[in-house]
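Chemist: I have a structure here, written as structure tokens, and I will follow up with some questions on it.
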Amino acid sequence: MRILFLSTWFPYPPDNGSKIRAYYLLRGLAQSHDVTVIAFLPPGNGVVGSEDFADLGASQVCPVPVDPYRHVRIPGAAKFISPIPIAYWPSRFMSRAVAQVAPRSGWDAVVAVQAPVAQYALQLAAVPRILDVDTSLSYQLYQRYLDSERALEHLRTFVSWQKAHLYETRLFRSFQGCTVVSETELEHLQGMLGSSDSRLELCPNGVDCQHNRPGLAPRQPRTLVYNGALTYSANYDAMRYFLDEIYPLIRQQEPGVSLTITGSLSGVNLDGLRLDESVRLSGYVKDVRNPISEAGVCAVPIRQGGGTRLKILEAMALGTPVVTTTKGAEGLSVTPGENILIADEAEAFASQVVCLLRDAEFSKQVAARARQLVEQEYDWTQIGERFVALVEEVQCRQSGRRARS
């Protein structure tokens, strides 16, 4: 098949959650199909060379030098009166790039990765469309609405949720196939799609178990890691909560403990974080496997956001035991106490971390069972094959309908 692959994030290098997902879905498709890629590549996100294009496996790659989220920092009042979510404001540059290839004959399917590029797939009339939703914005905003307490915040989040819900419902129903990463969001989208003919499938996040394997770096005693960039609000909230309420409790019991937080710090308000000499901000790390492998515990105190946590799957694959919250483990087929430890209160979370730091044998057992889980259920090879099968099925079904009509 000839497939047009539209991505909200340029899928190389695969160094954050969204780019990793796009990268492996693309690689899966490119193994057996002719794929053309058009993707946003904002200025300042690095130079991508021809050798990187080759690694993607696509026959043609077209970067669009625009930030898809360029409007999210506009004043709140402007966001409030916008008729559609600001994250979905169209880009004439992306529209133009798609328009240049749309007239070509022979497109068998168009795949859009994340909702911000979904609107451009509609430029290819009568071509079967598949949308990898990843995480629905309306689902995230609904969660914020439920969590809001003050009256003004309650009203603001309600309006934002409804706006996103209406926009996404209209958009998603124009696709013949949709995928999401977790069971909770699967139910959310089922309500949005209603009686439409869209095929809805669960396509979880994954991890490359061959690339990420235990023993890549020697384990350092009394070390913690959080492998998530603070530029993402859910990661910032997690670390602010951890440093304010959990980390001091851990340090009381393990005075020599240290914490490494990986990821870009561009535009991050460090004054809002309770930092001290035991906390290391690594900044962007080209190979995040090393700091994860070196840590005794991967602490993931997530309290907000959606989807499934690639940072947890990475740590599991690398043999580093994970302590997280119920929210952090959302959408993962984990068993608390066996392949992961879960705690929602600060004292309980700190206690679980200290337990892993002190009990080497228990820590090894948790890590080994976690590695077994990701090998069986979350390897990108298996997930990619299921995604490709869905694309092929949707294309075959739509082609059959066109032939009969």
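Laboratory data are not the source of any read-out in this text; all were calculated from the coordinates shown. These numbers were taken from a predicted model, which means no experiment stands behind them. A quick note on method: Cβ atoms are made from the backbone with ideal geometry, for glycine too, and the neighbour counts reach across all protein chains shown.
Chemist: Hey, does the stretch 278-285 have a residue that's crowded, with 23+ Cβ neighbours inside 10 Å, in contact with a Ser or Thr (Cβ under 9 Å, 6 or more places away or on another chain), among the aliphatic types (A, V, I, L, M) and not in a helix (DSSP H, G or I)?
Modeler: Within the stretch 278-285, not a single residue is crowded, with 23+ Cβ neighbours inside 10 Å, in contact with a Ser or Thr (Cβ under 9 Å, 6 or more places away or on another chain), among the aliphatic types (A, V, I, L, M) and not in a helix (DSSP H, G or I).
Chemist: If residue 203 meets every condition in (1) within 19 Å of the chain's Cα centre (by Cα); (2) farther than 30 Å from residue 386 by Cβ apart from one, which number is that one?
Modeler: Every listed condition holds for residue 203 apart from (2).
Chemist: Any chance you could count how many residues in the stretch 323-371 are of a type in the set (Gly, Ala, Ser) and surrounded by 19 or more Cβ atoms within 10 Å (Cβ to Cβ)?
Modeler: Looking only at that region, the number is 8.
Chemist: Having 1 or more residues that are of a type in the set (Lys, Arg) and either in contact (Cβ under 8 Å) with a residue 60 or more places away in the chain or surrounded by 14 or more Cβ atoms within 10 Å (Cβ to Cβ) (or both) is the bar; report the strands (runs of 3 or more DSSP E) wholly within the stretch 1-93 that clear it.
Modeler: Correct list: 2-7.
Chemist: Give the stretch 299-335 a look and list any residue that's closer than 15 Å to residue 367 by Cβ, not in a helix (DSSP H, G or I) and not hydroxyl-bearing (Ser, Thr, Tyr), or say none.
Modeler: Listed by number, the residues that qualify are 299, 300, 319, 321, 322, 323, 334.
Chemist: Something else now. Within the stretch 309-348, track down each residue that is polar (S, T, N, Q) and out of contact with any Phe, Trp or Tyr (no Cβ under 9 Å at 6 or more places or on another chain).
Modeler: Those that are polar (S, T, N, Q) and out of contact with any Phe, Trp or Tyr (no Cβ under 9 Å at 6 or more places or on another chain): 320, 326, 335, 339.
Chemist: Could you list, in sequence order, the residues of the stretch 195-238 that are over 17 Å from residue 314 (Cβ atoms) and among the acidic types (Asp, Glu)?
Modeler: Passing the criteria: 197, 201, 237.
Chemist: Filter the stretch 290-307 down to the residues that are surrounded by 19 or more Cβ atoms within 10 Å (Cβ to Cβ), at negative phi and touching a helix residue (DSSP H, G or I) at 6+ places or on another chain (Cβ under 9 Å) and list them by number.
Modeler: 292, 293, 295, 296, 297, 298, 299, 300, 301, 302, 306
Chemist: Scan (1) within 22 Å of the chain's Cα centre (by Cα); (2) surrounded by 21 or more Cβ atoms within 10 Å (Cβ to Cβ) for the single condition residue 128 breaks and write down its number.
Modeler: Of the numbered conditions (1) within 22 Å of the chain's Cα centre (by Cα); (2) surrounded by 21 or more Cβ atoms within 10 Å (Cβ to Cβ), the odd one out for residue 128 is (1).
Chemist: How many residues, within the stretch 242-271, are farther than 15 Å from residue 222 by Cα and either assigned to a loop (DSSP other than H, G, I, E, B) or in contact with a Lys or Arg (Cβ under 6 Å, 6 or more places away or on another chain) (or both)?
Modeler: The qualifying residues number 9.
Chemist: Still on this model: Working carefully through the options 111, 98, find the one that is touching a residue at least 60 places away in the same chain (Cβ under 8 Å), of a type in the set (Val, Ile, Thr) and part of a helix (DSSP H, G or I).
Modeler: Sole residue among the options that is touching a residue at least 60 places away in the same chain (Cβ under 8 Å), of a type in the set (Val, Ile, Thr) and part of a helix (DSSP H, G or I): 98.
Chemist: In this structure, does residue 145 turn out to be within 19 Å of the chain's Cα centre (by Cα) and surrounded by fewer than 22 Cβ atoms within 10 Å (Cβ to Cβ)?
Modeler: Answer is no for this residue.
Chemist: I need the full set of residues from the stretch 149-193 which are assigned to a loop (DSSP other than H, G, I, E, B) and in contact (Cβ under 8 Å) with a residue 24 or more places away in the chain, in order please.
Modeler: 173, 174, 175, 176, 181, 182, listed by residue number.
Chemist: Which one is surrounded by the fewest Cβ atoms within 10 Å (Cβ to Cβ) among residues in the stretch 375-390 that are over 17 Å from residue 176 (Cβ atoms) and of a type in the set (Val, Ile, Thr)?
Modeler: The residue in question is 381.
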